[in-house]
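Just so you know, all these numbers are worked out from the coordinates, no wet-lab data involved. Note that this is a predicted model, so its numbers are computed, not measured. Every residue, glycine as well, gets a Cβ built from its backbone with ideal geometry; the counts of neighbours run over all protein chains shown.
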Amino acid sequence: MKFTTPIPESESSAALASLPKILETNEPVVPLLQYAPAIAVYPAYYHEGVAGARSDCFVRRSVADRLVEAAGLLPPDHHLVVLDGWRPLEVQQSLYNRLKSQLLSQGWTEGEAFYEELHRFVARPSHNPERPPRHLTGGAVDLTIAGLNGWLDMGTPFDDFTDRAHTRFFEIHLPSDDQERQIQRNRRLLYHIMIQAGFTNYSDEWWHFDYGNQAWATARRHDHAFYGGILQVN
């Protein structure tokens, strides 16, 4: 079955040195709780109490439609759980500061390697209209899958900043027991339904997918992105 095939190597977007231009479509941002009630919404940063986080998850309308398409590919009794979408700069700054402090507490010292590690997982908060953070565009979404017994085991929690969070970790390090084999299947399922719905995956994070932004355009080799940064939604 296609949703159990191995996750291929990514051509991805880990280093986006040369970004495609943005031809903004002005497509609206929609709240998922109202727009796509078939998809569960658990705004992780709101529940964590991060300053500026909202009690709903917001994405561009085409992203919401593609999430509905992806959800329709799931086995019976399974559904998507969206954890984050559009992310205001206040939240981006909080997450950036938090991870920076965590890395320093682990013994890192500021320098090129430090910032390379930091930027693997949290983009620098930026107002630069030519290089907005992915989540600021409304074209990035973090999510997982739930079944009858709750969220599927993906091998790490959301926002785990270790090598185990790499989407292909259990393709590179082959499963050693039944639990890891199930994790591998769960990641493959999430990856393949999202790719079939038109998204691309950020290879360092099994939960992160893009559509319409510069990371997506780079991975798909489009000459432009559809979505720029949005500083505020209602």
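The figures follow:
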| quantity | calculated |
| --- | --- |
| T109 versus D77: modelled label distance in nm, points set 7 Å from Cα along the beta carbon direction | 5.6 |
| Placed amide H near A225: partners under 5 Å, 5+ positions off or other chain | K21, I22, L23 |
| Most fluctuating residue given options I22, I183, I172, as computed from a GNM of the chain linking Cα atoms under 10 Å | I172 |
| Footprinting exposure proxy for Y46, Y115, Y191 (fewest neighbouring C-beta atoms within 10 Å first) | Y115, Y46, Y191 |
| Sites D160 and A51 - FRET efficiency at Förster radius 22 Å, r taken between beta-carbons, to 0.05 | 0.50 |
| Built amide H within the under 5 Å cut-off of A40, gap 5+ | L80, V82 |
| Linear extension gain, L33 paired with D153, 0.36 nm per residue minus alpha-carbon span | 40.8 nm |
| Of L83, L118, L174, the one that fluctuates the most in a GNM where the chain has Cα springs shorter than 10 Å | L174 |
| Net length gained if the chain between S126 and R220 were fully extended (0.36 nm per residue, minus Cα distance) | 31.5 nm |
| Angstrom value of the Kirkwood radius, inverse mean 1/r, which spans all Cα pairs in segment 28-82 | 11.8 |
| Per-selection Rg to Rh, segment 54-167 - Cα, Kirkwood hydrodynamic radius | 1.01 |
| T4/K100 FRET efficiency (R0 30 Å; Cβ-Cβ; nearest 0.05) | 0.20 |
| Most to least packed among 155-165, 103-113 [average Cβ atoms within 10 Å] | 155-165, 103-113 |
| Rh by Kirkwood over Cα pairs, then Stokes-Einstein D for segment 139-192 at 1.002 mPa s and 20 °C, µm²/s | 182 |
| Rounded FRET efficiency, nearest 0.05, which uses the C-beta distance separating E24 from H173 and R0 of 41 Å | 0.50 |
| For the chain, built as a Gaussian network whose Cα springs stay under 10 Å, the top-fluctuating residue of R181, R120, R220 | R181 |
| Estimated inter-spin distance, L231 and E116, nm [label 7 Å along Cα→Cβ] | 3.4 |
| Order of Y227, Y202, Y45 - criterion: other Cβ atoms within 10 Å of each residue's Cβ, fewest first | Y45, Y202, Y227 |
| Residue-wise HN-Hα coupling along segment 33-46, computed from phi with Karplus coefficients 6.51, -1.76, 1.60 (Hz; x: Gly, Pro) | 4, 8, 7, 9, x, 6, 9, 6, 10, 10, x, 4, 6, 5 |
| Sorted by Cβ density within 10 Å, fewest first, the residues D177, D204, D210 | D177, D204, D210 |
| For segment 20-144, share of DSSP beta bridges that run antiparallel, in % to the nearest 5 | 75 |
